[in-house]
Amino acid sequence: MDNRPRPTRFCVFERLRSVGLRPTRQRVALCNLMFGVGDRHLSAEELYAEAHKAGEPVSLATVYNTLHQFTDAGLVRPLSAEGQRTYFDTNTSDHHHFFVEDDNAMIDIPDGSLRFDHLPEPPEGMEIVNVDVVVRLRRKAPSATADNAEAVAAD
């Protein structure tokens with residue numbers, strides 16, 4: 001018998017139960033996909049594609065419903081970046097993001113690299129809960145000087 005310690009595996013059942021969600025087969029499968037490889041930013045469509053690639057028979061509606069249940073339970077944090085698309089962040093701590101338009105990818109901004117000196121006063125009877133900053137990025141277009149330098153180097 002092999003008595004060597006086995007690597008500990010993310011325990012989905014306890015995580016779901018700890019937030020009041022019943023660990024159904026579909027929730028467990030989606031939770032494994034989302035949380036099994038560290039912090040991620042996924043859209044519902046990306047999670048749906050991953051589920052089908054993994055052989056999990058879930059509908060897109062089930063993925064959306066599950067992601068909203070995960071959001072309500074505090075397991076993920078929704079982020080809006082491009083119009084109608086929402087990304088779900090498995091890292092629920094307070095942090096900000098870069099959105100790479102060319103790749104439709106959300107990337108965490110390193111802690112401490114963004115500061116706010118002053119936030120506006122919230123309206124009467126309200127309090128600020130969180131501040132989400134999404135900095136949109138795109139690749140720079142090649143400059144004319146770089147093109148000229150490459151042409152000269154080729155001669």
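The values are calculated or read from the model by the stated rules, or taken from the named source; none is laboratory data. Bear in mind that the values here come from a model prediction, so they are computed numbers and not experimental data. Using ideal geometry, Cβ is built from the backbone for each residue, glycine included, and neighbour counts are taken over all protein chains shown.
Got a sec? Which strands (runs of 3 or more DSSP E) wholly within the stretch 84-133 have at least 1 residues that are more than 21 Å from Tyr64 (Cβ to Cβ)?
Because the criterion is at least 1 residues that are more than 21 Å from Tyr64 (Cβ to Cβ), the strands (runs of 3 or more DSSP E) in the stretch 84-133 that meet it are 97-100, 105-108.
Could you please find all residues in the stretch 65-80 being in a helix (DSSP H, G or I), among the hydroxyl-bearing types (Ser, Thr, Tyr) and farther than 19 Å from Gly36 by Cα?
None - no residue of the stretch 65-80 is in a helix (DSSP H, G or I), among the hydroxyl-bearing types (Ser, Thr, Tyr) and farther than 19 Å from Gly36 by Cα, so the list stays empty.
I need a count of the residues in the stretch 31-53 that are surrounded by fewer than 19 Cβ atoms within 10 Å (Cβ to Cβ), modelled with pLDDT of 95 or more and among the hydrophobic types (A, V, I, L, M, F, W, C).
1
Being surrounded by 10 or more Cβ atoms within 10 Å (Cβ to Cβ), at negative phi and in contact (Cβ under 8 Å) with a residue 60 or more places away in the chain narrows it down to one of Asp132, Asp108, so name that one.
After ruling out the rest, the residue left standing is Asp108.
Which one is surrounded by the most Cβ atoms within 10 Å (Cβ to Cβ), of the residues in the stretch 58-103 that are of a type in the set (Phe, Trp, Tyr) and within 23 Å of Arg139 (Cβ to Cβ)?
Tyr87
Please specify each residue of the stretch 8-30 satisfying the condition of being of a type in the set (Val, Ile, Thr) and either outside any helix (DSSP H, G or I) or modelled with pLDDT under 90 (or both).
Thr8, Val12, Val19, Thr24
Hey, among the residues in the stretch 16-27 that are buried (at least 17 other Cβ atoms within 10 Å of the Cβ) and of a type outside the set (D, E, K, R), which one's nearest to Val63 (Cα to Cα)?
Selected residue: Gln26.
Are there any pairs, at least 6 apart or on different chains, whose C-beta atoms fall under 8 Å, with the first in the stretch 53-78 and more than 12 Å from Leu42 (Cβ to Cβ) and touching a residue at least 12 places away in the same chain (Cβ under 8 Å) and the second among the small types (Gly, Ala, Ser) and exposed (fewer than 14 other Cβ atoms within 10 Å of the Cβ), and if so, which?
Here the result reads Ala73/Gly20, each pair linking the stretch 53-78 to a residue that is among the small types (Gly, Ala, Ser) and exposed (fewer than 14 other Cβ atoms within 10 Å of the Cβ).
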